[in-house]
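For reference, the structure discussed in these notes is given below.
The values are calculated or read from the model by the stated rules, or taken from the named source; none is laboratory data. Values in this document were obtained by computation on a predicted structure and should not be read as measured data. Methodologically, a virtual Cβ is constructed for each residue, glycine included, from the backbone with ideal geometry; neighbour enumeration extends over all protein chains shown.
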Amino acid sequence: MADDPRSHDDDRENHDNAENNGADNGAGNGAGNGGADNGNGPSDPLSQMFNQLFGGAGPQGFSMHMGPGMGAGMGSGDDDDDHRQQPDFNAIFGQLQHLFGALAQGGSGGPVNWNIATESAQQVLGSDDPKVTGEERHDVEEAAHLADLWLNEVTSFESPAEQPQVLSRGEWIKKTLPGWQRLTEPVAHRASEAVSQSLNDQMPEEARALLGQAGSFLTSMGSTMFGAQLGQAVGTMASEAIGGTDVGLPMAGRGFTLVPANAKAFGEGLAQPYLEVLLYLALREAATVRLFNSVEWLEDHVVGLVKDFAEGISMNTSAIHEQLDGIDPFDPSSFQEVLSSGMLEPTKTPQQEAALARLETTLALIEGWVDAVVTKAAQRLPSAPALREMIRRRRATGGPKELAFAGLVGLELRPRRARDASAVWEFITQERGDQARDEAWADLANLPTAEDLDDPTGYFERRALLDASDEDFEAAMNAWLDGGGSSSGGSETDGDGPSGDEPNSNGPSGDGSDK
């Protein structure tokens, strides 16, 4: 879309006005040095600045809300100033010292300050981190052992040799940070580049040299910002994640991992005995671990799709400029309105949309395979159908995986696709057996596609066409066209459970309606 020439005129006018206003404000501030505030500045500029930078979530130790005497109206020249407390400059500079100390640390020099991420995650978790008891450890190890025995009967994928990890919530944070680092740094790096480019494009030529000199500071600021925000997300997930694979990847390494405190929280209020709940959760964790250990390319493939998305990240500079024009520097609420408007959200390109579609399909196939295998392995577990439905409800209302990928790449995972994928794997098993289901993971060419999720019963026909000669392919296409196309129904009418993304409001059922 061509630029409107009027917008450039407006830009120049706004730039000239900004320069004039800056000169006026500079003169006023210079005259007021050492005296009272003249009332023309924001009421709490430090808090506003860091709220803008961190979206209300600064590094640990830096409060987004100043204490008494440090908030709105401080030194504003109002008639009731005598009743206001004087600002606590020791507190202000103490917080600034902590912030700039974090910036000086710089983490590993990458796009995310992992020292800040770790501190922030632990701060969010707080004291809600009970230690693992001996009884809990024994129960988890027994459940993991029995889960392995049952899975041996239904899948050729082998269990890793590592001993089960039984973790507290805080230990889960530490164990999963390397996984978060690998998953998030491509997005953080590209987003940082996009923001820097956006700032550079909007600045006048004479200001770009200054930006270059401040580049290392801005890089550290961005690294700290990403670290604080990621740490908050990981700290929140630590209170919900049951194992090391809840986000769809082996975040805690390639071994079996389980957090008994969260397993108990999941089972609270259910009619099923806790040990049955624990066994079902152990089956899911063990199955996912087997999949990633046996399909060596799978983890790299998922991370690669995230990188594909990150490569296309760009900022809509014109939209940012329009939103910034609407900020009233004397009205703190206007800053929050702009930040909540999605101004800094990257625009998605067609290439990114394609990457997100492939990522959604892959994550659905992983979840669907685990669901299908665990359902078959847990046939001797009376509560398995009800627990299967509870897992689906958790997914539909936003579990750790859904929250992680929504925050990381803006991907709203559809619960329906996981059910469709489970139907594909169950169909392959019914038609060709467990071995054929597992062999489909041999390479990408054999994996079910989004089309297979829409029409599970056509999976083998489509694979036959891919392997057919040109003559066979042409004959099959002619036959298909003569017949008016495929008559097989898609999952939208034949699928399991409810027709939409929401879980079945009638509760779990044992009549096979989930299959």
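Selection of helices (runs of 4 or more DSSP H) fully inside region 351-459 by the criterion of at least 3 residues being within 23 Å of ALA233 (Cα to Cα) and either over 22 Å from the mean Cα position of the chain (by Cα) or small (Gly, Ala, Ser) (or both) returns 400-409. Candidates are the residues of region 395-415 that are charged (D, E, K, R) and without any contact (Cβ under 8 Å) to a residue 24 or more places away in the chain; the one that is nearest to THR245 (Cα to Cα) is GLU402.
Do we have GLY248 as closer than 22 Å to THR184 by Cβ, under 20 Å from the mean Cα position of the chain (by Cα) and at pLDDT 95 or above here? Considered against the rule, which asks whether it is closer than 22 Å to THR184 by Cβ, under 20 Å from the mean Cα position of the chain (by Cα) and at pLDDT 95 or above, GLY248 comes out as no. Does GLY433 count as at positive phi and modelled with pLDDT of 75 or more? Yes: the conditions hold for GLY433.
Within region 168-185, restricting attention to residues that are small (Gly, Ala, Ser) and in contact with an Asp or Glu (Cβ under 7 Å, 6 or more places away or on another chain), the residue that is nearest to GLY231 (Cα to Cα) is GLY170. Tell me, yes or no, whether region 405-415 has at least one residue that is modelled with pLDDT of 95 or more and of a type in the set (Asp, Glu). Looking through region 405-415, none of the residues is modelled with pLDDT of 95 or more and of a type in the set (Asp, Glu).
Pairs meeting the criteria (first residue in region 238-251 and farther than 17 Å from ASN293 by Cβ, second residue modelled with pLDDT of 95 or more and assigned to a loop (DSSP other than H, G, I, E, B), beta carbons under 7 Å, at least 6 apart or on different chains) are ALA241/VAL259; ILE242/VAL259.
Out of all the residues in region 265-288, is one or more in contact with a helix residue (DSSP H, G or I) (Cβ under 7 Å, 6 or more places away or on another chain), part of a loop (DSSP other than H, G, I, E, B) and either at pLDDT below 90 or polar (S, T, N, Q) (or both)? So far as region 265-288 goes, yes, one or more of its residues are in contact with a helix residue (DSSP H, G or I) (Cβ under 7 Å, 6 or more places away or on another chain), part of a loop (DSSP other than H, G, I, E, B) and either at pLDDT below 90 or polar (S, T, N, Q) (or both). Out of PRO130, PRO160, one residue alone is in a loop (DSSP other than H, G, I, E, B), of a type outside the set (Phe, Trp, Tyr) and under 19 Å from ASP246 (Cα atoms). It is PRO160.
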